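The values are calculated or read from the model by the stated rules, or taken from the named source; none is laboratory data. Just so we're clear, the structure is a prediction, and the values are computed from it rather than from any experiment. In this analysis, Cβ positions are derived from the backbone assuming ideal geometry, glycine residues included, and neighbour counts consider all displayed protein chains.
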Amino acid sequence: MNPRIIGMDVLFSIKSWWRSRGTVFWSLLFPIMLILIFGAIFSGTGSTNFSVYVQDHDHSAMSSQLMDIMNKTGVLKITMVNESENVTKYIKDHDIKAFLVIPNGYAQHINQSFVDPNSKVNLTFYYDPTETSSTEIIRSVISNIIQTMNMGLSNGRNIVGLSTQSTITEKFNYIDFFIPGMIGFTIMQQAIYGSIERNTKYRKDGILRKLLTTPITRSEWILAKMTFMLFLSFLTTTIALAVGVLVWGVKVNITPLMILTIVSSSFLFSGIGMIIGRFVKEEETADMAAGAISFPMMFLAGTFFPLAQMPSFLQTIAQVLPLYYVNEALRNSMIYMNQSLAITNAAIVLVFAVIFFVAGVLLTKWRED
Amino acid sequence: MVTKRFQCPSCREIASFSGSAGEQVIVTCPSCLHQGKIVFPAEDTASYAIEVSHLKKVYGNLVAVNDISFNVKKGEIFAFLGPNGAGKTTTVEMIESIREPTAGTVKLLGEDTKTSFDKIKEQISILPQEFHSFERLTVRETLEYFSKLYKKQADIDGIITALNLQSYEKMLYRNLSGGLKQRVGVALSLVNEPDIVFLDEPTTGLDPKARREVWQVVANLRQQGKTVFLTTHYMEEAEFLADHIAIIYKGRIIAEGSLDDLITTYGRGSVLHIQGCTSSEALVILKDEGYDARSEGNGTIAVTITYKDRVLDVLSTLRHEAIDYESIEIRRSNLEEVFLELTGSKLQEAEA
Ligand SMILES: Nc1ncnc2c1ncn2[C@@H]1O[C@H](COP(=O)(O)OP(=O)(O)OP(=O)(O)O)[C@@H](O)[C@H]1O
Ligand SMILES: [Mg+2]
């Protein structure tokens, strides 16, 4: 292994890649465009709403005073909700982003706190985690009010607290679903087509034959190309996430499992590309074969639309598609944060990656017959 | 196997004999049947850049390369000449360790390529047939890329100047014309200052001007003392460039030697062309006189001349018969004729 040769090759790969406007479009602009378009279509108005719904179970002077203070901030628009309403149902039915519940006994607890230092009371704040920007503002305004109140009441002892609860524990926005799918899909496209180009065009053009007679080894070459692929994969991920976070306020977690999935899927799809290139020698035909494999996979693996919306036999097909596990692993490791699903799917992707990449490397020969 | 020409001590005719190096044999002169002992010169292996012995490649039931042996001396331009499908690429790629031979051995600079190819990678360089480099690197970057794969790196500026690529060095490879691509291809095969350069049909598909430019570059390699292994199906190319020619046909070497060797051994000597001949009788008359004459159309008659005096004989015959003509021209036999003689077909028409 000669790191100098590998580094040099990666650098030249990036240079050529950057000059190919088509490739740059497909790997960068296309995902951005889709994220913008799909985000706009599916995320409703997207306008920030600072109204907060309040349900007062206490009906005391103190609770009215609290609402009064909230009103006076000028930031929050308060709507009263009848005490008899079920909170969760009401939030769901009226698609409410922020909801504050003042519990029964609120005033009583505060009054008692003057004699009993352990007396505490919690307000509950329900919020929609996908509306990060607006709910964050509301939450911080409310916590500020509470803190000021605590200061006045007891020199900073926490008598009134705020417990928060997400309004939707299961339901995420479409864009939350879409962004990981977009990342997985773009990595797949880049890796498959890149690998096909190297194994068909470079073979036909004599580049592989020429390299065979130079001191670069095949492992150095593969390592250099995979380094380049990882560069592309992380670049696309960064860009997709940047658009998702900045434009649609998606809440993303960068986790080791997410990184692992991105690395494994780059290897996985490069391996698939190698296998295609091994059996379909003509570049154009191989590209068609790649399209025939990756396009249906894109739809069937729940990249753009949840599998649950599909007929059950299609859902069964999805279970054998590597992209399905890539999508699931990415979603659970960066958005849904379902640790056990993230681990299972990331592990499946890793196994697929090892199988396809090793098979690809073993099946591909540099030497001619 | 060595082929050596000997002059018969009795009749002064020249004849070729083949045998193994250092071997002594009794031979018979084909002209006067004089018998004598000849000694084939011992091989000086240290002076060989390429040694190929009994190389064979079988694809299914096609024997693409059939028991080929030859040696290329250091510093020589060796042309491997043959029609399409003769087995040139198969042979050269077996020599370059790109294809696995079915049988036979190859030594480059004394090293057996089967076991020590890695050792000599730094000293050789190849231009594959129809080579097409990375589309989106410039000429200079392409040279830098390949040069950085080697320990020994030639001066890129020097190569650019030597191959007259200064005005194109910033151009993307994909935008170059075919001729320039090939010139860059040859330039690429110099980035490691190799001892042996393999060029597989470097001028196929080029127009005559571009072809000449590549020839000039290859001819310059000889001046730098490099050994060049060139495959081609253009005999002018072999005639112009090669010190040593092997003609390959249907997977076998059918003739080998210097241009002079080949022409003397297999050529028809010289041919007298009589142009603008007025009489239709002329051909018949010349044939009756026992000359090897044939019509080449347009009133041109070609007469094979075996001894130089015969030119005068032909002309006086014509004058005697009062046959007028516009001009005469004497052409020396060329490789095309050697090929025709050996295979019964023209090189450009022969498809194996
Ligand atoms: N990989 C292969 N599999 C099967 N047959 C092959 C293979 N490579 C070459 N051949 C056959 O071997 C013969 C020699 O081919 P080769 O490419 O060596 O010829 P060539 O002299 O280089 O011709 P050209 O001038 O067209 O390049 C041809 O009949 C060709 O079809
Ligand atoms: Mg060839």
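Okay, residues lined up against (1) hydrophobic (A, V, I, L, M, F, W, C); (2) assigned to a helix (DSSP H, G or I); (3) more than 14 Å from chain B (Cβ to nearest Cβ):
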site	(1), (2), (3)
A:177	yes, yes, yes
A:182	yes, yes, yes
A:189	no, yes, yes
A:193	no, yes, yes
A:200	no, yes, no
A:203	no, yes, no
A:215	no, no, no
A:225	no, yes, no
A:229	yes, yes, yes
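The test for being assigned by TED's automatic domain parsing to the domain that holds residue B:103 and away from ligand 2 (no atom under 16 Å from the Cβ) holds for residue B:177.
Looking for whichever is out of contact with any Cys (no Cβ under 9 Å at 6 or more places or on another chain) and in a loop (DSSP other than H, G, I, E, B) here; the options are B:278, B:317, B:231, B:265. Which one fits? Spell out the reasoning first.
On the way: B:317 fails: in a loop (DSSP other than H, G, I, E, B); B:231 fails: in a loop (DSSP other than H, G, I, E, B); B:265 fails: in a loop (DSSP other than H, G, I, E, B).
Within the list B:278, B:317, B:231, B:265, the selection yields B:278.
Taking (1) crowded, with 19+ Cβ neighbours inside 10 Å; (2) part of a loop (DSSP other than H, G, I, E, B) in turn, residue A:66 satisfies each apart from (2).
For region B:101-130, the set of residues classified as more than 19 Å from residue B:194 (Cβ to Cβ) and either within 7 Å of another protein chain (Cβ to nearest Cβ) or surrounded by 21 or more Cβ atoms within 10 Å (Cβ to Cβ) (or both) consists of B:101, B:130, listed by residue number.
At least 2 residues being more than 16 Å from ligand 1 (Cβ to nearest atom) is the threshold, and among the strands (runs of 3 or more DSSP E) wholly inside region B:43-107 those reaching it are B:48-59, B:62-73. Going through (1) touching a helix residue (DSSP H, G or I) at 6+ places or on another chain (Cβ under 7 Å); (2) not in a helix (DSSP H, G or I) one by one, residue A:34 falls short only on (2). The residue that is farthest from the chain's Cα centre (by Cα), counting only those in region A:274-320 that are crowded, with 20+ Cβ neighbours inside 10 Å and in a loop (DSSP other than H, G, I, E, B), is A:301. Being within 12 Å of chain A (Cβ to nearest Cβ) and more than 16 Å from ligand 2 (Cβ to nearest atom) is the filter here, so list the residues in region B:190-203 that pass it. Within region B:190-203, B:191, B:192, B:194, B:196, B:197 meet the criteria.
Output yes when any residue across region A:49-57 is more than 14 Å from every other protein chain (Cβ to nearest Cβ) and of a type in the set (Ser, Thr, Tyr), and no when none is. Steps first, answer last, please.
Initially, region A:49-57 is screened for residues more than 14 Å from every other protein chain (Cβ to nearest Cβ), giving A:49-57.
Then keep just the ones that are of a type in the set (Ser, Thr, Tyr); that gives A:51, A:53.
Among the residues of region A:49-57, at least one is more than 14 Å from every other protein chain (Cβ to nearest Cβ) and of a type in the set (Ser, Thr, Tyr), which makes the answer yes.
Yes/no per residue for (1) under 26 Å from residue B:121 (Cα atoms); (2) among the basic types (Lys, Arg); (3) within 14 Å of chain A (Cβ to nearest Cβ); (4) crowded, with 19+ Cβ neighbours inside 10 Å:
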{"site": "B:170", "(1), (2), (3), (4)": "no, yes, yes, no"}
{"site": "B:174", "(1), (2), (3), (4)": "no, yes, yes, no"}
{"site": "B:179", "(1), (2), (3), (4)": "no, no, no, no"}
{"site": "B:188", "(1), (2), (3), (4)": "yes, no, yes, yes"}
{"site": "B:222", "(1), (2), (3), (4)": "yes, yes, no, no"}
{"site": "B:226", "(1), (2), (3), (4)": "yes, yes, no, yes"}
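Within region A:237-265, the set of residues being closer than 26 Å to residue A:5 by Cβ and surrounded by 21 or more Cβ atoms within 10 Å (Cβ to Cβ) comprises A:262, A:264.
The rows are residues; the columns are (1) over 21 Å from residue A:202 (Cα atoms); (2) of a type in the set (Lys, Arg); (3) more than 16 Å from ligand 2 (Cβ to nearest atom).
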{"position": "B:93", "(1), (2), (3)": "no, no, no"}
{"position": "B:100", "(1), (2), (3)": "no, no, yes"}
{"position": "B:105", "(1), (2), (3)": "yes, no, yes"}
{"position": "B:113", "(1), (2), (3)": "yes, no, yes"}
{"position": "B:150", "(1), (2), (3)": "no, no, yes"}
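Specify which of the listed residues (B:170, B:148) is in contact (Cβ under 8 Å) with a residue 12 or more places away in the chain, among the basic types (Lys, Arg) and out of contact with any His (no Cβ under 7 Å at 6 or more places or on another chain). Walk me through it before giving the result.
Numbers: B:148 fails: in contact (Cβ under 8 Å) with a residue 12 or more places away in the chain.
None of the other options fit; the residue is B:170.
Pairs meeting the criteria (first residue in region B:77-89 and assigned by TED's automatic domain parsing to the domain that holds residue B:66, second residue of a type in the set (Lys, Arg) and near ligand 1 (Cβ under 6 Å from one of its atoms), beta carbons under 6 Å, at least 6 apart or on different chains) are B:80/B:88; B:82/B:88.
Looking only at region B:30-42, count every residue that is under 17 Å from residue B:18 (Cβ atoms), in a loop (DSSP other than H, G, I, E, B) and of a type in the set (A, V, I, L, M, F, W, C) and tell me the total.
First, pick out the residues of region B:30-42 that are under 17 Å from residue B:18 (Cβ atoms): B:30, B:36-42.
From what is left, the residues that are in a loop (DSSP other than H, G, I, E, B) are B:30, B:40-42.
From what is left, the residues that are of a type in the set (A, V, I, L, M, F, W, C) are B:40, B:42.
Number of matching residues: 2.
Taken over region B:209-234, residues that are touching a strand residue (DSSP E or B) at 6+ places or on another chain (Cβ under 7 Å) and polar (S, T, N, Q) amount to 3.
For every residue, the table says whether it meets (1) modelled with pLDDT of 80 or more; (2) farther than 20 Å from residue A:52 by Cβ; (3) part of a helix (DSSP H, G or I).
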| position | (1), (2), (3) |
| --- | --- |
| A:107 | yes, yes, yes |
| A:117 | no, yes, no |
| A:125 | yes, no, no |
| A:136 | no, no, yes |
| A:145 | yes, no, yes |
| A:153 | no, yes, yes |
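For region B:52-91, the set of residues classified as over 15 Å from the mean Cα position of the chain (by Cα), surrounded by 21 or more Cβ atoms within 10 Å (Cβ to Cβ) and away from ligand 2 (no atom under 16 Å from the Cβ) consists of B:52 only.
For residue B:201, the stated conditions hold: it is buried (at least 20 other Cβ atoms within 10 Å of the Cβ), over 27 Å from residue A:24 (Cβ atoms) and charged (D, E, K, R).
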